[in-house]
Amino acid sequence: MVDNSKHASSFRDPSGYIFTEEGVIKRAIFPIYFKQYEALTTSGFFDSLFINKLLIPHSEKSKTGDKIVIQPDHIPFISYPYEWSFNMYKEAALLTLKLQKYSLEKGFSLKDATAFNIAFHEGKAIFIDTLSFDFYQENSPWRAYKQFITHFLGPLVLAHYHGAQSLKLMSNFIDGIPIKMLASMLPFKTKMNPFLYSNIHLLAKFEDKHNEDYKGESKASALSKKGQLNIIQSLYDYIKKLSLKEHSEWGNYYDKTNYSTDAFVEKSAIINSWITNLNTKTLIDVGGNDGTFVRKITTDLQQALVCDIDNNAVDFNYKAIRENKESFITPFVLDVLNPSAAIGFQNKERDSFINRMKDFTPDVTLALAVIHHMSLSGNVTFEMSAQFFASFSKHLVIEFPKRNDSWVQRLLSSKVDFKDYFDWYSLENFETAYAIYFEVIEKKSIANSERVMYLLKPKDVK
């Protein structure tokens, strides 16, 4: 009999599996892992990681000779590595190395180092795979070393040299970016860097020569714990110093807005009023830039997702979250014109953005200054965008820049000979198309601007 509650990616771990019971995520542990689980529990290893917020806490629900069931704390929304900004990705890598270092010191070791073992919760990275810890074997290398290179070091170095878009390669390579591919994509000068040569190019050379999977250890060699700790420290030090070389249009985005300070304040006040009246606890800001308008909301939110296509905006937002300890905000990178698809075996291991949003069910979706980009840059019709937002929104707060808006005019001018094709971009056509999927609760024009704000509620469209 097939257990439909079992998570689609659970086949990868022989130690146990994740399942859903009455809407609650739980984890089953097989007898093959009982010894490790007991040692990790009784030694205080798990408790120490819980206290320091490095591993998602869990409680034990049942225990038999065949299975132990634990229930991890709930994480409202899981983002994936290909949705992280550069500095979020860095933190995930450094967390993995911290955990391996601590594990070694306590007689354990991470048996895998996939980036999918990390989630962002309450404003920071946290490890979520409870069964990744195994006993350390004396003088043995870190068996997850190669996986760490393909999931963390490689993508970060590619982003350093080629831009943050490189991180999106992880959506194509769920098992990590292949070593040979990493080596071929890096500049020739990286071969002169002893660290990159030994951790990437030499691995690629070995793999090419032997045409077999290289796990990070030679068949006849041994590695002391001190030697492994030195490798972990060198990886940590190198990654910690990595930075991006690219810039974006975002920079001084809000200095380039085309409406006055008074209009900006009025827009924020309208949003705040609607959010408060709806007793909003959860929301997503699509195209939310650095989270400016979410931070201006005075209602106590339980969870706010803020996504944007611009890596630097998401990075800036993440930095502010850490500095201000805004644990209710979760940022991630998302191209609204190409939201993350379902991937993995049978396209079920990692869920699509749309399905995750349906599970998250935000009380309010904010779509501020994004519709003109969807329509004029992406050629997305109003009916198409309305259908998109209606698929996961309980309420939609959307801002419409009218045709005379300077940003709209700029986008239209960029169309050159095809400018006339976009004659359909008008307030009237927007309202007509959105009326198919939404009913208008309230409509307000922002004074001294070409912007109109709408509070909409989805209809039950068949």
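The values are calculated or read from the model by the stated rules, or taken from the named source; none is laboratory data. What you are looking at is a predicted structure, and each value in this text was computed from that prediction instead of being measured. Positions of Cβ are backbone-derived with ideal geometry, glycine not excepted, and every protein chain shown enters the neighbour counts.
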TODO: Please indicate, with yes or no, whether at least one residue in the range 400-418 is under 25 Å from T282 (Cβ atoms), in the same structural domain as K358 (by TED's automatic domain parsing) and surrounded by 21 or more Cβ atoms within 10 Å (Cβ to Cβ).
DONE: yes
Task: Flag for Y253 being at pLDDT below 95 and surrounded by fewer than 20 Cβ atoms within 10 Å (Cβ to Cβ) - done: yes
TODO: Please enumerate the residues belonging to the range 306-351 that are within 15 Å of the chain's Cα centre (by Cα), closer than 27 Å to D175 by Cβ and either hydrophobic (A, V, I, L, M, F, W, C) or not assigned by TED's automatic domain parsing to the domain that holds V380 (or both).
DONE: C307, I309, V314, F332, V333, L334, A341, A342, I343
TODO: Would you be able to tell me the number of residues in the range 213-250 that are touching a Phe, Trp or Tyr at 6+ places or on another chain (Cβ under 6 Å), under 19 Å from P155 (Cα atoms) and at pLDDT 90 or above?
DONE: 2
Open item on the list: Looking only at the range 351-406, how many residues end up being of a type in the set (D, E), at pLDDT 95 or above and in a helix (DSSP H, G or I)?
Closed with: 1
Task: Out of K53, K90, K111, sole residue that is surrounded by fewer than 17 Cβ atoms within 10 Å (Cβ to Cβ) and either touching a residue at least 40 places away in the same chain (Cβ under 8 Å) or not hydrophobic (A, V, I, L, M, F, W, C) (or both) - done: K53
Open item on the list: List the residue pairs whose Cβ atoms are under 8 Å apart, where the first residue sits in the range 57-76 and is among the β-branched types (V, I, T), the second is not in a strand (DSSP E or B), and the two are 6 or more positions apart or on different chains.
Closed with: I68/F34; I68/Y37; I70/T130; I75/I56; I75/I128
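Conditions (1) within 26 Å of K394 (Cβ to Cβ); (2) surrounded by fewer than 19 Cβ atoms within 10 Å (Cβ to Cβ); (3) β-branched (V, I, T); (4) touching a residue at least 40 places away in the same chain (Cβ under 8 Å), marked per residue:
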{"residue": "N312", "(1), (2), (3), (4)": "no, no, no, yes"}
{"residue": "D315", "(1), (2), (3), (4)": "no, no, no, yes"}
{"residue": "A320", "(1), (2), (3), (4)": "no, yes, no, no"}
{"residue": "N324", "(1), (2), (3), (4)": "no, yes, no, no"}
{"residue": "I329", "(1), (2), (3), (4)": "yes, no, yes, yes"}
{"residue": "F332", "(1), (2), (3), (4)": "yes, no, no, yes"}
{"residue": "N338", "(1), (2), (3), (4)": "yes, yes, no, no"}
{"residue": "A341", "(1), (2), (3), (4)": "yes, yes, no, yes"}
- [ ] Kindly provide the set of residues from the range 57-106 that are assigned to a helix (DSSP H, G or I), of a type in the set (K, R) and over 17 Å from L229 (Cβ atoms), ordered by number.
- [x] K90
TODO: Report yes if I128 is outside the structural domain of L54 (by TED's automatic domain parsing), over 23 Å from K191 (Cα atoms) and within 20 Å of the chain's Cα centre (by Cα), otherwise no.
DONE: yes
- [ ] Could you list all residues from the range 1-49 that are of a type in the set (D, E, K, R) and in contact with a Gly (Cβ under 7 Å, 6 or more places away or on another chain)?
- [x] R27
